[in-house]
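Remarks on the structure that follows.
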Amino acid sequence: MLLKRFAPLLAAAGLLASTVPLLSATQASAAPAADHLRQKPSWHRCSPEQPASYECATLKVPLDYRRPDGRTIDLAISRIKSENPAKRHGAMLLNPGGPGGSGLDLPLMMNESMPKEVRDQYDLIGFDPRGVGGSNPITCGLDEAEQNFDRAYRPETFGSDVTWARTVADKCREKAGSVLPYITTRNTARDMDTIRAVLGERKLSYLGYSYGTYLGAVYTQMFPDRTDRFVLDSGVDPKLIWRGMIQVWATEAEPAFARWTQWAAQRSAEYGLGDSPKAVSDTFWALVARADKEPIDLEGMKVDGDMIRAARGVFFYPAQATPLVVALKAAAEGRPLPEGMTMTELKRLLTGGAAAEPASDNGIAVFWAVVCGDTGSWPRYTEQYERDAARDKARYPLYGDIASNIKPCAFWDRPVEAATPMNKKANVLTVQNEWDSQTPLVSGQGMHRALKGSRMVLAAGGEGHGVYLVDPASCANAPVHAYLTTGKLPAQDVTCQNPPNDALRRGSVAPSKPLPIPSGPGRF
């Protein structure tokens, strides 16, 4: 989940969990190859505007892998081949996160960003996960308001929150009910293995960001003998899928907020928010209270206190958060915005770029399909959400009630499959920034612990969501380069010190060629 949104990115009649066992990888390999494993991609140039080396194809994959000869759906894939066959190691599949993020153009991005010694070794393979973009995209028919799940808890509005959650679940069931149960991480992992098979690869290498780390981890558990060099960047804790991952946004926003108050206090002469962390905190909460009483008018955008709190991700970047709060305070007091701050930039910082995104609900529809369909652990009683939201509003003032408030998963059909246990060894490399707003450090550490045999590269002081090649100056890039080049994991976990992240670096300026990692509300 990136703070800046680089791409459109965040049950009465329940399905009974199936008692029909799915074929294990061993059983499947012993059986005759199904039709979807025997197909050959018909590669063609993706677009006249794109390089000829960037090729696209469409595969047919089973909607339900228990019925491989039944209904199929399209899977859009892409590639840029290695230009050095003598050094080619294999195929590397790429995923930008989400759930709901398109990965079809990732080979173009990586082809420009990867150093030559890494790039030469791989055919770069992109794909739109099932239900996304070019892969039979689903929709729930949600309007803009229904797509937003940053809903603050208040006793007097909880009834409308319940109505919203039930409406989203009902509309998704109505619009996409025949495919919704099969838009899951486990089925996407099976799609990945289908891609591997039709490419003629014995094993698969992989680079996945954010939600893509969980997808990659699931693949290592379902297909351990086909797992090659895997880099899992900005990790999702498998034990927290998926309500716990949203709640982590609240728990870990608190230390980030405290760090920000220290940063701003040290620069009180420049920003004027207070000369101590407590004074800065008091200034912020006074602004929130004021906006709750009288919303701030940003050229037609009404900003209340809840909307300010929902921007919790910005506090992982002190050099962004401070000008944002200064500008909001000026707007609330009817003063001109500070020099260098435009209204467009202020809105972008406040919303994470969401205001500029198209209205399509494809990304959020897939998001709910996956986070509700991956696990049956979501509470089914509205009372529990109300209790949790009230409790967490006091525990984690910035975002706790928003994180724990009711979600559509309370009314979703029961999952077809149980969540994937993490009980097989996985010799993979996990990568993490210390200050990550979407998959915080505790989440990345949880993934590292869950995958026995993995190694972690931690960029101490690193800010932002996404590390490898997302921040060209990250100290984590070198050990990842080495692993992808040699296939050898570090002998032990690596902690490196990132360069100072001041206003000239990612604190306020995005990478010149940002990778399209979905983020913001409803994105891991």
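The values are calculated or read from the model by the stated rules, or taken from the named source; none is laboratory data. Here the structure is a predicted model, which is why all the values come from computation and not from measurement. All Cβ positions, glycine included, derive from the backbone under ideal geometry; neighbour counts span all protein chains shown.
Tabulated values for the structure
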read-out: In segment 179-197, residue surrounded by the fewest Cβ atoms within 10 Å (Cβ to Cβ) [restricted to those that are in contact with a helix residue (DSSP H, G or I) (Cβ under 7 Å, 6 or more places away or on another chain) and among the aliphatic types (A, V, I, L, M)]; value: 197
read-out: Members of segment 471-503 found to be within 16 Å of residue 210 (Cβ to Cβ), at pLDDT 95 or above and assigned to a loop (DSSP other than H, G, I, E, B), listed by number; value: 474, 476
read-out: Hits in segment 330-376 - residues which are of a type in the set (Asp, Glu), farther than 28 Å from residue 215 by Cα and at pLDDT 95 or above; value: 333
read-out: Segment 159-173 residues that are modelled with pLDDT of 95 or more, paired with ones that are surrounded by fewer than 21 Cβ atoms within 10 Å (Cβ to Cβ) and hydroxyl-bearing (Ser, Thr, Tyr) (beta carbon under 8 Å, 6 or more apart); value: 162/382
read-out: Output for segment 434-470, where each listed residue is on the phi < 0 side of the Ramachandran plot, surrounded by fewer than 24 Cβ atoms within 10 Å (Cβ to Cβ) and part of a loop (DSSP other than H, G, I, E, B); value: 452, 454
read-out: Yes/no for residue 74 being modelled with pLDDT under 95 and surrounded by fewer than 20 Cβ atoms within 10 Å (Cβ to Cβ); value: no
read-out: Every residue from segment 118-171 that is in contact with a Pro (Cβ under 7 Å, 6 or more places away or on another chain) and under 16 Å from residue 99 (Cα atoms); value: 126, 131, 135, 148, 149
read-out: Residue in segment 341-348 that is of a type in the set (A, V, I, L, M) and closer than 28 Å to residue 461 by Cβ present; value: yes
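Conditions (1) in contact with a Lys or Arg (Cβ under 7 Å, 6 or more places away or on another chain); (2) buried (at least 17 other Cβ atoms within 10 Å of the Cβ); (3) over 30 Å from residue 190 (Cα atoms), marked per residue:
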site	(1), (2), (3)
225	no, no, no
233	no, yes, no
238	no, yes, no
263	no, yes, yes
285	no, no, yes
307	no, yes, yes
326	no, yes, yes
329	no, yes, yes
